[in-house]
Amino acid sequence: MLKLESIAWRPQDGEEILKGINLTVAEGRLTVITGPNGGGKTSLAKIIAGLQTPTAGKIWLDGQEITDLDITQRSRMGIGYAFQQPVRFKGLTVRSLLEIAAGGDLCNGEICQLLGQVGLCTQDYIDREVNASLSGGEIKRIEIATVLAKKNARLLIFDEPEAGIDLWSFTGLIDAFEQLKAGRNCSLLIISHQERILEIADEIVVIADGKVRTQGSREEVLPALLENEKTGRCPLHKEVACNE
């Protein structure tokens, strides 16, 4: 279980982005964080992953405080993170990247399954370098596959996984999230505006202006979000229902 206590964050020479976030992500549950652009969602995801350090507050994972741990230490504890804008690795093949993420060798069948979950053909990609020869959508899908490959996963974080992915691959990604939720005893945390991702959530958290505005089960929160979107009062603007 992930627990955030009064998390605040202010960049150097900037205004406060996160303003006392209190949040619990239950074990074995899929939690979706949504809300308007600029509300602090990605900043919060980076703080949980260890890419940024909060200016105030504490973070706990399964009862252990991890506030001062860096991203490498958190990864060893089972926290995986997929960037909104993936990093490229010149000289590193897709196979090598997946095996690093998994913490050991993978057979071709395992690699095929991982790449298939994100809509990529194994034979076309397995020996390719993770470099500029790959499109933005391809590198995004490979990065998501690396997170799926993490065998010691306790918390998997996906920052707008739908970005740069075509409709067919997006459908496969939804299936992958549902399989993860059903087959692993770990927590999933997804930053997304997409209604189809919101529809498979166990919990939905709405963040706006650096604060938690709403939190509850999908059954409690999603109908209100969609109704507010129709009337123009939705804090998500059009992004919840329009799948843009």
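Table for the structure above
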{"quantity": "One residue from Ile71, Ile79 being touching a helix residue (DSSP H, G or I) at 6+ places or on another chain (Cβ under 7 Å) and more than 24 Å from Ile174 (Cα to Cα)", "calculated": "Ile71"}
{"quantity": "Glu16 being acidic (Asp, Glu), in a strand (DSSP E or B) and in contact with a Lys or Arg (Cβ under 7 Å, 6 or more places away or on another chain)", "calculated": "no"}
{"quantity": "Out of Gly210, Gly183, sole residue that is of a type outside the set (Lys, Arg) and either within 16 Å of Ala82 (Cβ to Cβ) or touching a residue at least 60 places away in the same chain (Cβ under 8 Å) (or both)", "calculated": "Gly210"}
{"quantity": "Segment 115-127: number of residues that are surrounded by fewer than 16 Cβ atoms within 10 Å (Cβ to Cβ) and either touching a helix residue (DSSP H, G or I) at 6+ places or on another chain (Cβ under 8 Å) or not in a helix (DSSP H, G or I) (or both)", "calculated": "3"}
{"quantity": "Segment 1-17, subset under 18 Å from the mean Cα position of the chain (by Cα) and crowded, with 21+ Cβ neighbours inside 10 Å, residue nearest to Lys211 (Cα to Cα)", "calculated": "Leu4"}
{"quantity": "Pick from segment 31-58, criterion surrounded by fewer than 22 Cβ atoms within 10 Å (Cβ to Cβ) and among the hydrophobic types (A, V, I, L, M, F, W, C), ranking: nearest to Leu155 (Cα to Cα)", "calculated": "Ala49"}
{"quantity": "Candidates Gly35, Gly57, filtered to the one that is on the phi > 0 side of the Ramachandran plot and either modelled with pLDDT under 95 or among the aromatic types (Phe, Trp, Tyr) (or both)", "calculated": "Gly35"}
{"quantity": "Positions within segment 178-192 being hydroxyl-bearing (Ser, Thr, Tyr) and surrounded by fewer than 19 Cβ atoms within 10 Å (Cβ to Cβ), in sequence order", "calculated": "none"}
{"quantity": "Pairs, first free of Cβ contacts under 8 Å to residues at least 60 places away in the same chain in segment 131-142, second in a helix (DSSP H, G or I) and of a type outside the set (A, V, I, L, M), C-beta under 7 Å, six or more apart", "calculated": "Arg141/Ser169"}
{"quantity": "Within segment 148-177, considering residues that are among the β-branched types (Val, Ile, Thr) and crowded, with 20+ Cβ neighbours inside 10 Å, the one farthest from Val32 (Cα to Cα)", "calculated": "Ile165"}
{"quantity": "Lone unmet requirement of (1) in the same structural domain as Ala224 (by TED's automatic domain parsing); (2) over 21 Å from Glu160 (Cβ atoms); (3) out of contact with any Phe, Trp or Tyr (no Cβ under 7 Å at 6 or more places or on another chain) for Glu99", "calculated": "(1)"}
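The values are calculated or read from the model by the stated rules, or taken from the named source; none is laboratory data. This one's a predicted model, so the numbers in the text were calculated from it and none came from an experiment. Here Cβ is always computed from backbone atoms with ideal geometry, including for glycine, and neighbour counts include all displayed protein chains.
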